[in-house]
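Undergrad: First the structure, then my questions, so here it is.
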Amino acid sequence: MTEGPVLVVDDDFSIRQFLRIGLRTHGFQALEASDATQALKIAQIDRPSAILLDLGLPDLDGREVIRRLRSWTWTPIIVLSVRDDDEVVVQALDLGADDYLTKPFQLNILLARLRASLRRCAGRPFEQVLRCGGIVLDQGRRLVTVGGAKVALTPNEYALLTCLLIRNESVVTHRELLGEVWGKDFIADTQLLRVHISNLRKKLESFNPMTATIENEPGIGYRLIEL
């Protein structure tokens, strides 16, 4: 059994079902995502021990998913794709994928590759501790502290803070935040974002208002800055 579940990312239900059954039969837990938005959110919240990733997702190219994941985690990523041209394979591996299998594939080969990736990555941290000022987000323990004091956040607030910390002191647009936290159907709902950012800001500043703050860039997005 792995330390955490394996996340299967594919928009084809039959493939997800096949992999889910195969993984569970061989002692792995399984999580599923049908698009990139859902996959990135699950990766942040549930911290899978490995990710099986299709490149042809409906909302975002799988190579961009690899790039975003590698900005904050070393979780093994195995690409499963019908695309077998050398350029795509090289791009995926250069972006940080640990392995690449072309569909159709044999389950026993995939499981062997998965176990090998987990062994290679056993000695390096899967998650990164993110910091800005006195704000510390430990993704390994899913713990947020401000000045050493634990802060209780909702799942959406935690996801928002993670996005802001990953892009520390850079502006994250409204569309990016809404898409990554709530999904593509909410990318225009700036009022929803405004309410959650306000609540998150209050929680962080209630501990130590002089350490860091969420700054608004009118009409564009938000950034987390150290004071």
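The values are calculated or read from the model by the stated rules, or taken from the named source; none is laboratory data. Bear in mind the structure is a predicted one, so any value in this text is a computation, not a measurement. Cβ coordinates were reconstructed from backbone atoms using ideal geometry, including for glycine residues, and neighbour counts include every protein chain displayed. Please note that ligands, DNA and RNA were not included when accessible areas were found on the heavy atoms of the full protein model with its side chains. Shrake-Rupley method; radii C 1.70, N 1.55, O 1.52, S 1.80 Å.
Undergrad: Cβ-Cβ under 6 Å, sequence separation 6+ or interchain: first residue in segment 70-94 and free of Cβ contacts under 8 Å to residues at least 24 places away in the same chain, partner assigned to a helix (DSSP H, G or I) and open to solvent by less than 10 Å² (accessible area, probe 1.4 Å). Which pairs?
TA: Partner pairs satisfying both residue conditions: none exist.
Undergrad: Inside segment 11-36, can you point out the residues that are open to solvent by less than 50 Å² (accessible area, probe 1.4 Å) and in contact with a Leu (Cβ under 7 Å, 6 or more places away or on another chain)?
TA: Hits for segment 11-36 are 19, 22, 30, 31, 33, 35, 36.
Undergrad: Taking into account only those residues within segment 37-57 that are small (Gly, Ala, Ser), touching a residue at least 40 places away in the same chain (Cβ under 8 Å) and under 21 Å from residue 141 (Cα atoms), which is surrounded by the most Cβ atoms within 10 Å (Cβ to Cβ)?
TA: Here is the first cut: in segment 37-57, the ones small (Gly, Ala, Ser) are 39, 43, 49-50, 56.
Cutting the leftovers down to touching a residue at least 40 places away in the same chain (Cβ under 8 Å) gives us 49-50, 56.
Imposing the further condition that a residue be under 21 Å from residue 141 (Cα atoms) reduces the set to 49-50.
Values: 49: 21, 50: 27.
It comes out as 50.
Undergrad: Filter segment 195-227 for residues that are closer than 18 Å to residue 168 by Cα, touching a residue at least 40 places away in the same chain (Cβ under 8 Å), of a type outside the set (Val, Ile, Thr) and out of contact with any helix residue (DSSP H, G or I) (no Cβ under 9 Å at 6 or more places or on another chain) and give the result.
TA: 217, 226, 227
Undergrad: Follow-up question, since we're still on this one. Would you pick out the residues in segment 162-194 that are open to solvent by less than 70 Å² (accessible area, probe 1.4 Å), of a type outside the set (Ser, Thr, Tyr), without any contact (Cβ under 8 Å) to a residue 40 or more places away in the chain and part of a helix (DSSP H, G or I)?
TA: Residues satisfying the conditions are 163, 178, 192, 193.
Undergrad: Take the residues in segment 195-227 that are among the hydrophobic types (A, V, I, L, M, F, W, C) and within 18 Å of residue 176 (Cβ to Cβ); name whichever of them is surrounded by the most Cβ atoms within 10 Å (Cβ to Cβ). Show your work before the answer.
TA: Step one: list which residues in segment 195-227 are among the hydrophobic types (A, V, I, L, M, F, W, C), which gives 195, 197, 200, 204, 207, 210, 212, 214, 220, 224-225, 227.
Now narrow it down to the ones that are within 18 Å of residue 176 (Cβ to Cβ): 195, 197, 200, 214, 220, 224-225.
Details: 195: 11, 197: 21, 200: 22, 214: 19, 220: 12, 224: 27, 225: 15.
My answer is 224.
Undergrad: Which of the numbered conditions does residue 74 fail, given that it passes all the others? Conditions: (1) hydrophobic (A, V, I, L, M, F, W, C); (2) surrounded by fewer than 16 Cβ atoms within 10 Å (Cβ to Cβ); (3) farther than 26 Å from residue 164 by Cα.
TA: Of (1) hydrophobic (A, V, I, L, M, F, W, C); (2) surrounded by fewer than 16 Cβ atoms within 10 Å (Cβ to Cβ); (3) farther than 26 Å from residue 164 by Cα, only one is false for residue 74: (3).
Undergrad: Being within 29 Å of residue 22 (Cβ to Cβ), touching a strand residue (DSSP E or B) at 6+ places or on another chain (Cβ under 7 Å) and polar (S, T, N, Q) is the requirement here; does residue 139 meet it?
TA: yes
Undergrad: Checking residue 112 against (1) closer than 21 Å to residue 64 by Cβ; (2) open to solvent by 40 Å² or more (accessible area, probe 1.4 Å); (3) small (Gly, Ala, Ser), only one condition comes out false. Which one?
TA: (1)
Undergrad: Can you name the number of the only condition in (1) closer than 23 Å to residue 68 by Cβ; (2) at pLDDT below 85; (3) of a type in the set (Val, Ile, Thr) that residue 181 fails?
TA: Condition (2) is where residue 181 drops out.
Undergrad: Is it the case that segment 126-146 has a residue that's buried (at least 20 other Cβ atoms within 10 Å of the Cβ), under 22 Å from residue 73 (Cβ atoms) and not hydrophobic (A, V, I, L, M, F, W, C)?
TA: The answer is yes, given that some residue of segment 126-146 is buried (at least 20 other Cβ atoms within 10 Å of the Cβ), under 22 Å from residue 73 (Cβ atoms) and not hydrophobic (A, V, I, L, M, F, W, C).
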